[in-house]
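Peer 1: Supplied in structure tokens, the structure appears directly below.
The values are calculated or read from the model by the stated rules, or taken from the named source; none is laboratory data. Source: prediction; values computed, not measured. Glycine also receives a Cβ, built like all others from the backbone with ideal geometry; neighbour counts cover every protein chain displayed.
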Amino acid sequence: MQAEWDEALDSPARGCCPRFCLEDGTGGNFPSAKEAAEEEEEDEEGKETLKEVQMGAIPKLKLSDFSVVRTLGVGTYGHVELVQLKNTGTQYFAMKIVKKQEIKKNSHEEYIHLEKEIMHHSLSNFIVKLYCTFQDMECLYLLMEAGLGGELWDILQERGRFDEQTARFYMACVLEALSYLHSEGIVYRDLKPENIVLDHKGYAKLIDFGFSKRLLFGERTFTLCGTPEYMAPEVILGEGHDVSADYWSLGVLIYELLTGSPLFKSEDTVRTYSLILQGISFAMLQGKVSNRAENLIRSLCRVDPLQRLGSQGDGLEAVRTHRWFNRFVWEHLRNGTMEAPILPKVSYSDSQRDLKAYPEDRSTSATWYNDF
């Protein structure tokens, strides 16, 4: 089994801030009685079986084949755990566990399906891989690539701020991830340091696609969602937004990596919204970042989305060719030969002597996620 796992994992994957999401009226699809019955019959044939999404010839596994090492994070609808495949000693993954009841109550079926689709089909090395999925009566389970280098947020807190070389490298990784999403017609909508993890080489990968949405060409969406400090003005105002909302968040993120502080921040969410709607004043950036970084941030954080860098039809390529990225060799980043500015200390757990195991008996039943 070890060799099979190594082969599968080496193959490319194929085809502390509050978050908000107020719906624009879209909802998920529910199975018919016939579909539910068919699912129940399938469950009886093989309870606990992990669905093989992209594992090829890997043998079917059970949830109880994994041991929990530690909790990586806790969110609104569930949590993420670092898990280990038993009897390997070396294979670690992130297991995202989502509560069905919370997803259904908030009509977020569309988002969880899209999140699975993005990671399942992604051809980008800057988006975490999804290996397989599982469900029981209460939860959905997504077995993903683990960002063993930790969250970029934690590293930023330890260092206070990043120098320009470090910030440039990680923004380049983010740009590659967003470029792929935008090429697929997907707006991300929750860009922040907490949603960026490092792999063992120090490369950054985007995680958590729970607020992502697929748009048709020229389409806008009116959902209020994301993390307040990073929301674009048009998202707050409900005027309709598209991928240009991600451009705004890019500018906010660049500033935070270079200074260690959010560009728009208040203890009161309404006040944060007010600051965002006012835009960037002249004094906000002066003397805090380099001239080139300031120009890039201002170009991305224009209140009018049509005036933002990248909104004139050239997309994120306009950001790649900005002077702040002068002499950055994009091809070296894409092929993984560029040395990361931070080589993380990979940590698994404080003690692995008594790992918590998933229970052997987790029965499944027909649910509204019959095709997950």
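Peer 1: Report yes if some residue within segment 192-210 is over 30 Å from LEU343 (Cα atoms) and touching a helix residue (DSSP H, G or I) at 6+ places or on another chain (Cβ under 8 Å); otherwise report no.
Peer 2: Scanning segment 192-210 turns up no residue that is over 30 Å from LEU343 (Cα atoms) and touching a helix residue (DSSP H, G or I) at 6+ places or on another chain (Cβ under 8 Å).
Peer 1: Look through segment 109-130, keep the residues that are aliphatic (A, V, I, L, M) and in a loop (DSSP other than H, G, I, E, B), and return whichever of them is surrounded by the fewest Cβ atoms within 10 Å (Cβ to Cβ).
Peer 2: Among them, the one singled out is LEU123.
Peer 1: What helices (runs of 4 or more DSSP H) lie completely within segment 268-338 and have 3 or more residues being of a type in the set (A, V, I, L, M, F, W, C)?
Peer 2: By residue number, 269-278, 282-285, 291-300.
Peer 1: I'm trying to understand the selection: among the residues of segment 213-235, which are of a type in the set (Gly, Ala, Ser) and modelled with pLDDT of 95 or more?
Peer 2: Answer for segment 213-235, where residues must be of a type in the set (Gly, Ala, Ser) and modelled with pLDDT of 95 or more: just ALA232.
Peer 1: Additional query: Could you check how many residues of segment 201-211 are touching a strand residue (DSSP E or B) at 6+ places or on another chain (Cβ under 7 Å) and either outside any loop (DSSP other than H, G, I, E, B) or surrounded by fewer than 21 Cβ atoms within 10 Å (Cβ to Cβ) (or both)?
Peer 2: Quick first cut of segment 201-211, residues touching a strand residue (DSSP E or B) at 6+ places or on another chain (Cβ under 7 Å) only: 204-207, 211.
Narrowing the set further to residues that are either outside any loop (DSSP other than H, G, I, E, B) or surrounded by fewer than 21 Cβ atoms within 10 Å (Cβ to Cβ) (or both) leaves 204-206.
Of the residues in segment 201-211, 3 are touching a strand residue (DSSP E or B) at 6+ places or on another chain (Cβ under 7 Å) and either outside any loop (DSSP other than H, G, I, E, B) or surrounded by fewer than 21 Cβ atoms within 10 Å (Cβ to Cβ) (or both).
Peer 1: While we're here: State the number of residues belonging to segment 276-288 that are crowded, with 20+ Cβ neighbours inside 10 Å and either within 21 Å of HIS241 (Cα to Cα) or at pLDDT 95 or above (or both).
Peer 2: Qualifying residue count for the region: 2.
Peer 1: Checking the condition surrounded by fewer than 20 Cβ atoms within 10 Å (Cβ to Cβ) and at pLDDT below 95, which residue from GLU138, GLU158 passes? Steps first, answer last, please.
Peer 2: Numbers: GLU158 fails: at pLDDT below 95.
Residue meeting the stated conditions: GLU138.
Peer 1: Among the numbered conditions (1) hydrophobic (A, V, I, L, M, F, W, C); (2) in a strand (DSSP E or B); (3) outside the structural domain of VAL69 (by TED's automatic domain parsing), tell me where LEU143 comes up short.
Peer 2: It is condition (3) that LEU143 fails.
Peer 1: Of a type in the set (A, V, I, L, M), farther than 24 Å from TRP153 by Cβ and part of a helix (DSSP H, G or I): is that true of ALA245 in this structure?
Peer 2: No: the conditions fail for ALA245.
Peer 1: Just checking, which of GLU229, GLU239, GLU194 is of a type outside the set (Gly, Ala, Ser) and within 22 Å of LYS345 (Cβ to Cβ)?
Peer 2: Matching residue, one of GLU229, GLU239, GLU194: GLU194.
Peer 1: Taking segment 230-251 as the region of interest, how many residues are under 17 Å from the mean Cα position of the chain (by Cα) and over 23 Å from GLY313 (Cβ atoms)?
Peer 2: 2
Peer 1: Quick check on LEU300: is it farther than 21 Å from VAL235 by Cβ, surrounded by 17 or more Cβ atoms within 10 Å (Cβ to Cβ), modelled with pLDDT of 95 or more and out of contact with any Asp or Glu (no Cβ under 7 Å at 6 or more places or on another chain)?
Peer 2: Judged against the criteria, LEU300 is not a match.
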